[in-house]
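First comes the structure, then the notes that go with it.
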Ligand code: G16
């Protein structure tokens with residue numbers, strides 16, 4: 001077998017964002033673009049030589065072609081064993097589990113998560129380390145620096161590998177194994193949750209669910225778990241077939257993009273008891289009850305308060321964590337349970353050390369992410385099973401569970417306003433302006449709310465003491481209201497400003513306000529502080545979640 005050394009020159013834009021390198025498909029199709037980045041990964045992750053690599057993606061356009069390239073490069077770099085999902089498919093949580101289960105040296109996941117797919121859509125690539133989690137910033141920084149000096153890459157001269165069915169191929173010193181993408185993950189879920197209890201209700205249709213796979217990766221996982229193993233009805237999963245362009249949709253599980261699911265859940269009494277959707281690569285989830293939406297921050301708080309009721313978490317939680325912009329609902333629960341609650345920057349990678357050090361058992365993010373110490377990624381199907389299991393134990397509806405939670409802990413009204421497609425320089429200037437402004441904000445009263453904390457969030461990892469600066473502008477008021485500003489790290493065009501708004505309400509008589517109305521003061525303060533109209537000509541967000 002011949003190993004070719006191909007000459008190449010660096011691309012200046014290969015800096016990974018919040019979660020790997022995401023670009024338009026057309027950028028990845030530029031000659032040597034993918035190969036350069038993969039070479040940069042192999043140059044840093046030298047532990048892959050002589051060890052196992054897990055490889056798969058969310059099935060979006062360019063997935064299979066990129067997998068063939070990466071297989072050939074992995075062979076060239078002496079990886080001894082590569083496990084690839086059939087047809088190149090593996091959800092992000094499944095990769096995390098497979099790395100851990102097989103003690104692999106790492107995994108490469110091909111996904112741009114919730115971003116649209118297809119020839120004109122987005123593509124992405126990220127590396128997960130031996131603990132199963134997204135590589136730390138230190139690693140991605142090294143990959144980026146390396147990518148700026150690449151002058152050649154190595155690739156084995158071999159035929160494409162047939163990915164359409166399970167099997168093994170020995171290529172030189174490398175064993176390539178094509179595996180069922182679903183079964184190991186489904187077995188793990190069966191270990192964590194009480195499948196018998198859930199089956200008893202789902203099989204007899206005492207409990208009805210609707211899961212929207214959004215034509216993305218979770219279709220095969222949901223079919224195996226909810227229908228085959230738990231006996232849910234045949235119509236319980238919609239958009240179950242993974243498609244390269246996600247059926248032209250936007251595989252982002254929120255109230256706007258999961259339209260068909262929302263329509264089914266808001267039909268009144270005939271609606272399913274639980275509705276859920278997942279994203280492109282299966283790590284995010286949205287949860288609905290009958291005509292009822294539970295925001296992801298509340299989901300984390302409710303899971304934390306109730307975890308001990310589930311057999312998989314009956315020993316209690318060592319601690320919990322949430323990202324900065326996630327509402328502080330879980331903080332109230334942690335305080336009552338007397339467990340630690342960590343506040344981290346946005347990005348699942350920041351939970352890795354806390355999980356590995358057993359400081360936390362559950363963690364979550366406002367961006368429709370929840371997870372536990374079972375893997376090192378957020379996990380959409382796990383979260384849905386957590387809720388299903390909880391419903392079977394409590395014998396209450398999603399709405400009743402949520403309302404009881406608010407009554408006990410108070411309600412955090414919460415919303416995220418996204419201003420999309422901003423010119424990058426303008427967005428940077430806006431953040432710079434805010435950074436200056438927050439230095440003098442403490443003690444000021446805005447719209448009747450007095451600022452008690454205002455800063456540019458920095459995180460010191462309590463395990464390795466690494467410091468991450470500039471993670472978002474945070475303004476906390478003395479009535480526990482809060483505003484956070486940050487720029488998205490997952491987009492592929494221009495800049496997106498995210499404004500996170502929060503108001504705490506302890507009084508149960510005030511738990512039924514319309515969310516945007518409840519947050520009106522915070523919205524007005526945020527628009528004013530960021531000078532959105534003057535700087536960007538905008539005073540209305542593009543997307544409200
Ligand atoms: C990724 C990260 C998440 C993070 C989200 C935020 O999600 O894995 O941990 O919360 O991005 O995105 P942004 O920087 O745009 O606010 P995913 O599902 O896209 O991988």
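The values are calculated or read from the model by the stated rules, or taken from the named source; none is laboratory data. Keep in mind that this is a model prediction, so the values were computed, not measured. Positions of Cβ are backbone-derived with ideal geometry, glycine not excepted, and every protein chain shown enters the neighbour counts.
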Return yes when residue 209 is more than 30 Å from residue 119 (Cβ to Cβ), surrounded by 23 or more Cβ atoms within 10 Å (Cβ to Cβ) and under 23 Å from the mean Cα position of the chain (by Cα) and no when it is not. yes
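Looking at 53, 48, 110, can you tell me which residue is touching a helix residue (DSSP H, G or I) at 6+ places or on another chain (Cβ under 9 Å) and farther than 30 Å from residue 250 by Cα?
Numbers: 53 fails: farther than 30 Å from residue 250 by Cα; 110 fails: farther than 30 Å from residue 250 by Cα.
Just a single option satisfies the conditions, and that option is 48.
Hey, any hits in region 228-243 for a residue that's part of a helix (DSSP H, G or I) and either at positive phi or not assigned by TED's automatic domain parsing to the domain that holds residue 392 (or both)?
no
Residue-wise test of (1) free of Cβ contacts under 8 Å to residues at least 40 places away in the same chain; (2) touching a strand residue (DSSP E or B) at 6+ places or on another chain (Cβ under 7 Å); (3) buried (at least 22 other Cβ atoms within 10 Å of the Cβ).
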site: 376; (1), (2), (3): no, no, yes
site: 383; (1), (2), (3): no, yes, yes
site: 413; (1), (2), (3): no, yes, yes
site: 436; (1), (2), (3): yes, no, no
site: 443; (1), (2), (3): yes, yes, no
site: 457; (1), (2), (3): no, yes, no
site: 463; (1), (2), (3): no, no, no
site: 475; (1), (2), (3): no, yes, yes
Give region 273-294 a look and list any residue that's part of a loop (DSSP other than H, G, I, E, B) and surrounded by fewer than 24 Cβ atoms within 10 Å (Cβ to Cβ), or say none. 273, 290, 291
Taking the options 96, 129, 113, name whichever one is surrounded by fewer than 24 Cβ atoms within 10 Å (Cβ to Cβ), under 17 Å from the mean Cα position of the chain (by Cα) and farther than 21 Å from residue 10 by Cα. 129
So residue 59, is it at pLDDT below 95 and touching a strand residue (DSSP E or B) at 6+ places or on another chain (Cβ under 6 Å): no
Condition first: over 21 Å from residue 165 (Cα atoms), in a helix (DSSP H, G or I), in the same structural domain as residue 37 (by TED's automatic domain parsing) and at pLDDT 95 or above. Can you find one or more residues in region 81-92 that meet it? no
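Considering only region 63-70, I want to know if a residue exists there that is outside the structural domain of residue 219 (by TED's automatic domain parsing) and within 24 Å of residue 373 (Cα to Cα).
The answer is no, given that none of the residues of region 63-70 is outside the structural domain of residue 219 (by TED's automatic domain parsing) and within 24 Å of residue 373 (Cα to Cα).
Does residue 469 satisfy being modelled with pLDDT of 95 or more and under 22 Å from the mean Cα position of the chain (by Cα)? Talk me through it step by step, then tell me what you get.
Details: modelled with pLDDT of 95 or more: no; under 22 Å from the mean Cα position of the chain (by Cα): yes.
Against the criterion (modelled with pLDDT of 95 or more and under 22 Å from the mean Cα position of the chain (by Cα)), residue 469 does not qualify.
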Going by what's in this entry, would residue 64 be described as modelled with pLDDT of 95 or more and over 23 Å from the mean Cα position of the chain (by Cα)? no
Would you be able to tell me the number of residues in region 87-118 that are within 14 Å of residue 20 (Cα to Cα) and without any contact (Cβ under 8 Å) to a residue 60 or more places away in the chain? 2
Against the conditions (1) in the same structural domain as residue 513 (by TED's automatic domain parsing); (2) surrounded by fewer than 17 Cβ atoms within 10 Å (Cβ to Cβ), where does residue 395 fall short? Just the number, please. (1)
Only one of these conditions is not met by residue 542: (1) touching a helix residue (DSSP H, G or I) at 6+ places or on another chain (Cβ under 9 Å); (2) over 30 Å from residue 356 (Cα atoms). Which number is it? (1)
What strands (runs of 3 or more DSSP E) completely inside region 121-204 contain at least 2 residues that are out of contact with any helix residue (DSSP H, G or I) (no Cβ under 8 Å at 6 or more places or on another chain)? 122-128, 167-171, 174-179
Tally, over region 250-266, of residues that are within 14 Å of residue 238 (Cβ to Cβ) and in a loop (DSSP other than H, G, I, E, B): 4
Suppose the filter is part of a helix (DSSP H, G or I), under 16 Å from the mean Cα position of the chain (by Cα) and either under 19 Å from residue 213 (Cβ atoms) or more than 14 Å from the ligand (Cβ to nearest atom) (or both); does residue 302 pass it? no
